[in-house]
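The values are calculated or read from the model by the stated rules, or taken from the named source; none is laboratory data. Treat the numbers as computed from the prediction; the structure is a model and nothing was measured. Here the Cβ positions follow ideal geometry from the backbone for every residue, glycine too, while neighbour counts run over all protein chains shown.
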Amino acid sequence: MSQGSLAQFAQALASGEIRIVDLTQPLNSSTATIQLPPEFGKTWPFRLEEISKYDSRGPAWYWNNFACGEHTGTHFDAPIHWVSGKDYPKNATDDIPVGKFVAPACVIDVSQEATKDADFLLTIERVKRWEQEYGRIDAGSWVLMRTDWSKRESAEFLNMKEDGAHVPGPHPELVPFLAKERDVIGWGSEGVGTDAGQAFRFDPPFPCHSIMHGHNKFGLASLCNLDQLPPKGTLLITPPLKITKGSGSPCRVLALVQA
Ligand code: 23J
Ligand code: MN
């Protein structure tokens, strides 16, 4: 029997030549959720309720009920999440073609800049500098912004002040560049959402949501372990739960990397 590429891939996984990095934060009642101004609807925090644990409620089994918003913890944003993406066909968690849940990723390390400036915005110029070093971002790739924000505890992670959150994100001019001139599949952040903390003030507001989803692209938020990824050559696996007409869902994001 011939050694097909899938068998070779399985062998590379088994030998450790390809490593799997978990880019997912744990989900529990401490998981941070986005805080929007009080006039807007609220997302539920993650909640776990024990049904039974090898006891009178179920002598041989342990299980829980859980509740949370679709956009809780490490999660996937579908185009239907934003009004600009609402009319695309197959734009929700249940009908996005599954082939889109496996795609390469570029990782842009701005952890030094983000440590110095909580409002750091990734610009076109900075991305072009990255491209000079690592090559052009391929169409269909994710762009993941490494800030090391995931290493912060919850108050500093949300970094909420009187004037709103202060969390790094994409510059409003970078988003149309990535969507149109690079035709990326989506944008991923370590922050609670894909947009910067102050993005409600941008023009347009929440550009990563409005422009990415307006071009039928996806988002990944609350990623971690981006410091374990190379700048290029990662393959991401990002299937959301198959919620009928879901706008997104918690997601176990896995990264395949060459060891
Ligand atoms: C709703 C409104 C604004 C934002 C968000 C959700 C998210 O960040 C999200 O998780 O999609 S900014
Ligand atoms: Mn979201």
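Could you check region 21-53 and list, in sequence order, the residues that are within 12 Å of ligand 1 (Cβ to nearest atom) and surrounded by 11 or more Cβ atoms within 10 Å (Cβ to Cβ)?
Ala32, Thr33, Ile34, Gln35, Leu36, Lys42, Thr43
Conditions tested, residue by residue: (1) within 14 Å of Lys217 (Cα to Cα); (2) assigned to a loop (DSSP other than H, G, I, E, B); (3) more than 14 Å from ligand 1 (Cβ to nearest atom).
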{"position": "Gly69", "(1), (2), (3)": "no, yes, no"}
{"position": "Thr72", "(1), (2), (3)": "no, yes, no"}
{"position": "Ser84", "(1), (2), (3)": "yes, no, no"}
{"position": "Tyr88", "(1), (2), (3)": "yes, yes, yes"}
{"position": "Lys100", "(1), (2), (3)": "yes, no, yes"}
{"position": "Ile108", "(1), (2), (3)": "no, no, yes"}
{"position": "Glu113", "(1), (2), (3)": "no, no, yes"}
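Restricted to region 155-171, and to residues that are in contact (Cβ under 8 Å) with a residue 40 or more places away in the chain and part of a loop (DSSP other than H, G, I, E, B), which residue is farthest from Met212 (Cα to Cα)?
Taking region 155-171 first, the residues in contact (Cβ under 8 Å) with a residue 40 or more places away in the chain are 157-160, 165-171.
If we keep only those that are part of a loop (DSSP other than H, G, I, E, B) too, we end up with 159, 166-168, 171.
On the way: Asn159: 24, His166: 21, Val167: 19, Pro168: 17, His171: 13 Å.
Residue satisfying both the conditions and the ranking: Asn159.
Going residue by residue through region 120-136, is there one that turns out to be within 16 Å of ligand 1 (Cβ to nearest atom), among the aliphatic types (A, V, I, L, M), farther than 19 Å from Leu235 by Cα and crowded, with 18+ Cβ neighbours inside 10 Å? Before you say what the answer is, go through the steps one by one.
From region 120-136, those within 16 Å of ligand 1 (Cβ to nearest atom) are 121; that's our starting set.
In the following step, the residues that additionally are among the aliphatic types (A, V, I, L, M) were identified as 121.
This time we only want the ones that are farther than 19 Å from Leu235 by Cα, so: 121.
Remaining after also requiring crowded, with 18+ Cβ neighbours inside 10 Å: 121.
Yes, some residue in region 120-136 is within 16 Å of ligand 1 (Cβ to nearest atom), among the aliphatic types (A, V, I, L, M), farther than 19 Å from Leu235 by Cα and crowded, with 18+ Cβ neighbours inside 10 Å.
Looking at the structure I just gave you, is Gly85 within 26 Å of Arg136 (Cβ to Cβ) and within 14 Å of ligand 2 (Cβ to nearest atom)? First the steps, then the outcome.
Details: within 26 Å of Arg136 (Cβ to Cβ): yes; within 14 Å of ligand 2 (Cβ to nearest atom): yes.
Answer is yes for this residue.
Looking at region 177-213, which of its residues are within 11 Å of ligand 2 (Cβ to nearest atom) and over 26 Å from Lys90 (Cβ atoms)?
Correct list: Gly191, Val192.
When you go through (1) farther than 27 Å from Arg201 by Cα; (2) β-branched (Val, Ile, Thr); (3) surrounded by fewer than 21 Cβ atoms within 10 Å (Cβ to Cβ) one by one for Thr93, which number turns out not to apply?
It is condition (3) that Thr93 fails.
Kindly provide the set of residues from region 182-237 that are more than 11 Å from ligand 1 (Cβ to nearest atom) and either among the β-branched types (Val, Ile, Thr) or in a helix (DSSP H, G or I) (or both), ordered by number.
Matches in region 182-237: Val184, Ile185, Arg201, Ile211, Gly214, Leu226, Asp227, Gln228, Thr234, Ile237.
Six or more apart or on different chains, Cβ atoms under 7 Å: show the pairs whose first residue is in region 241-259 and within 14 Å of Phe76 (Cβ to Cβ) and away from ligand 1 (no atom under 15 Å from the Cβ) and whose second is of a type in the set (Asp, Glu) and not in a loop (DSSP other than H, G, I, E, B).
From region 241-259, the pairs are Leu254/Asp22.
What are the residues in region 238-258 that are exposed (fewer than 15 other Cβ atoms within 10 Å of the Cβ), touching a helix residue (DSSP H, G or I) at 6+ places or on another chain (Cβ under 9 Å) and in a loop (DSSP other than H, G, I, E, B), if any?
Passing the criteria: only Lys245.
Being within 17 Å of the chain's Cα centre (by Cα), of a type in the set (Lys, Arg) and within 15 Å of ligand 2 (Cβ to nearest atom) narrows it down to one of Lys151, Lys217, so name that one. Steps first, answer last, please.
On the way: Lys151 fails: within 15 Å of ligand 2 (Cβ to nearest atom).
The conditions single out Lys217.
Test of understanding: among Arg19, Arg57, Arg47, which residue is of a type in the set (Lys, Arg) and either at positive phi or in contact (Cβ under 8 Å) with a residue 40 or more places away in the chain (or both)? If you could, list the steps in order and put the result at the bottom.
Values: Arg57 fails: either at positive phi or in contact (Cβ under 8 Å) with a residue 40 or more places away in the chain (or both); Arg47 fails: either at positive phi or in contact (Cβ under 8 Å) with a residue 40 or more places away in the chain (or both).
Exactly one residue qualifies, and that residue is Arg19.
Consider Val98 carefully, then state whether it is under 13 Å from Leu178 (Cβ atoms) and modelled with pLDDT of 95 or more. If you could, list the steps in order and put the result at the bottom.
Numbers: under 13 Å from Leu178 (Cβ atoms): no; modelled with pLDDT of 95 or more: yes.
Judged against the criteria, Val98 is not a match.
Pick from region 206-235 the residues that are surrounded by fewer than 24 Cβ atoms within 10 Å (Cβ to Cβ) and of a type in the set (A, V, I, L, M): which of them is nearest to Gly140 (Cα to Cα)?
Leu235
What number of residues in region 164-187 are closer than 17 Å to Thr234 by Cα and in contact with a Ser or Thr (Cβ under 7 Å, 6 or more places away or on another chain)?
Taking region 164-187 as the starting set, the residues that turn out to be closer than 17 Å to Thr234 by Cα are 184-187.
So of that shortlist, the ones also in contact with a Ser or Thr (Cβ under 7 Å, 6 or more places away or on another chain) come out as 184-185, 187.
Selection size over region 164-187: 3.
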